[in-house]
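Presented below is the structure to which this report refers.
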Amino acid sequence: MARNIQSLERAAAMLRLLAGGERRLGLSDVASSLGLAKGTAHGILRTLQAEGFVEQDPASGRYQLGAELLRLGNSYLDVHELRARALVWTDDLARASGESVYVGVLHQSGVLIMHHVFRPDDSRQVLEVGAMQPLHSTALGKVLSAYDPVAHTQALEVERESFTPRTVTDAVGFEEILGLTRARGWAADVEETWEGIASVAAPIHDRRRMPVGAVAVAGAVERVCGESGEPRAALVASVRDCARAVSRDLGAGRF
């Protein structure tokens, strides 16, 4: 019978310890709880931290679970399942809004468009499935950055390019936008990525209430926004209703 690898067993026990009870634990707490020497516990914690499975609070030095675990936990959700659940609702949203609808997921420090419904008119359009959008300036990217810790970290670590005079690139301003996004449950991009284009996005959650993507409506500024320059309230409500409907189909329940 094959023997278990002791270091992996200890790492697994450490993750379980951090997952329950106190939100953050110091090195001494971890070592004593698991019956390990401080040096051994510290070595395992540093390895887990390097892989993103554990994070250390700079102020207190205490440890907590890292964002990479969230990413691994969400990996069971096949992108094709998300697209399948979104098909009917995004078609309805495109018809109701008269605009293009996109579903995006986090991928390689950006937003991967994995579903695109054309604007329901006779205009010539290009399918954008597989295209990448930036995290910091698009409505889809802001929503993912606001609700997904991994997307948040990646958005802060990459160079935030200025696409138009409206693009917010400084970290403080970007964090303020994310705070506003979380407070109201949706994000907007009004000519921050493309001149003349505005979009509104809302988050999609899975059965564990984890963020797995976002849905957005995009179109000409004069159609998406009202006289105030802000997205039209009815359009915002429609996007949020669509996101909630897809989330419910993924088992998230009522938001």
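Calculated from DSSP H runs of 4 or more alone, at -39500 (n - 2.57) each and per residue, what is the 222 nm mean residue ellipticity of the chain, nearest 500?
Result for the chain: -14000 deg cm²/dmol, rounded to the nearest 500.
Relative to the Cα centre, what is the charge dipole magnitude of the range 26-149, using +1 at the beta carbon of each Lys and Arg, -1 at the beta carbon of each Asp and Glu, and rounding to the nearest 20 debye?
Around 260 debye, computed over the range 26-149.
Taking amide H atoms as placed 1.01 Å from N in the peptide plane, list the residues 5 or more away in sequence, or in a different chain, whose amide H sits under 5 Å from that of Leu135.
Val111
Any idea of the accessible area per residue across the chain, 1.4 Å probe, to the nearest Å²?
Per residue, the chain has 52 Å² of solvent-accessible surface.
Explain nothing, just compute: Karplus ³J(HN,Hα) = 6.51 cos²θ - 1.76 cosθ + 1.60, θ = phi - 60°, for every residue of the range 167-179 in order, whole Hz, x for Gly and Pro.
5, 8, 10, 6, 4, 5, x, 5, 4, 5, 5, 5, x
Expressed as an acute angle from 0 to 90° and rounded to the nearest 10, what is the orientation of the C-alpha long axis of helix 233-249 relative to the principal long axis of the chain?
Rounded to the nearest ten degrees, it is 50.
What angle, in degrees between 0 and 90 and rounded to the nearest 10, separates the Cα long axis of helix 79-97 from the longest principal axis of the Cα atoms of the chain?
The two axes meet at around 30 degrees.
First compute the accessible area of the chain with a 1.4 Å probe, then give the percent of it belonging to carbon and sulfur atoms.
51 percent
Could you derive backbone 3J(HN,Hα) for the range 128-143 from the dihedral phi with the Karplus parameters 6.51, -1.76 and 1.60 (θ = phi - 60°), listing whole Hz in sequence and x where the residue is Gly or Pro?
With the stated coefficients, the range 128-143 comes to 10, 4, x, 6, 10, 10, x, 6, 7, 10, 8, 5, 4, x, 5, 5 Hz.
Across the range 47-54, in residue order, what do the Karplus-derived ³J(HN,Hα) couplings come to in whole Hz, using 6.51 cos²θ - 1.76 cosθ + 1.60 with θ = phi - 60° and x for Gly and Pro?
Couplings: 5, 5, 5, 5, 8, x, 7, 9 Hz.
Sequence gap at least 6, Cα distance under 8 Å: using those rules, report the relative contact order of the range 127-255 to the nearest whole percent.
Averaging sequence separation for qualifying contacts and normalising by length gives 22 percent for the range 127-255.
Say we join alpha carbon atoms closer than 10 Å with springs in a Gaussian network model of the chain; which of Ser199, Ser137, Ser123 then has the biggest fluctuation?
Ser123
Quick check: the distance between the Cα centres of the range 195-218 and the range 125-193, to the nearest angstrom?
For the range 195-218 versus the range 125-193, the Cα centre distance is 11 Å.
Report the FRET efficiency, 1/(1 + (r/R0)^6), for Ala171 and Arg46, where r is their Cβ-Cβ distance and R0 is 22 Å, rounded to 0.05.
Calculated transfer efficiency: 0.25.
Under the rule that an exposed site lies in a DSSP loop and has at most 15 other Cβ atoms within 10 Å, name the longest stretch of the chain with no trypsin sites (Lys or Arg not before Pro) of that kind, not counting the sites themselves.
25-123
The values are calculated or read from the model by the stated rules, or taken from the named source; none is laboratory data. Predicted model, so just to flag it, every value in this text is computed and none were measured. Glycine also receives a Cβ, built like all others from the backbone with ideal geometry; neighbour counts cover every protein chain displayed. These accessible areas exclude ligands, DNA and RNA; they are computed on the full protein's heavy atoms, side chains included. Shrake-Rupley method; radii C 1.70, N 1.55, O 1.52, S 1.80 Å.
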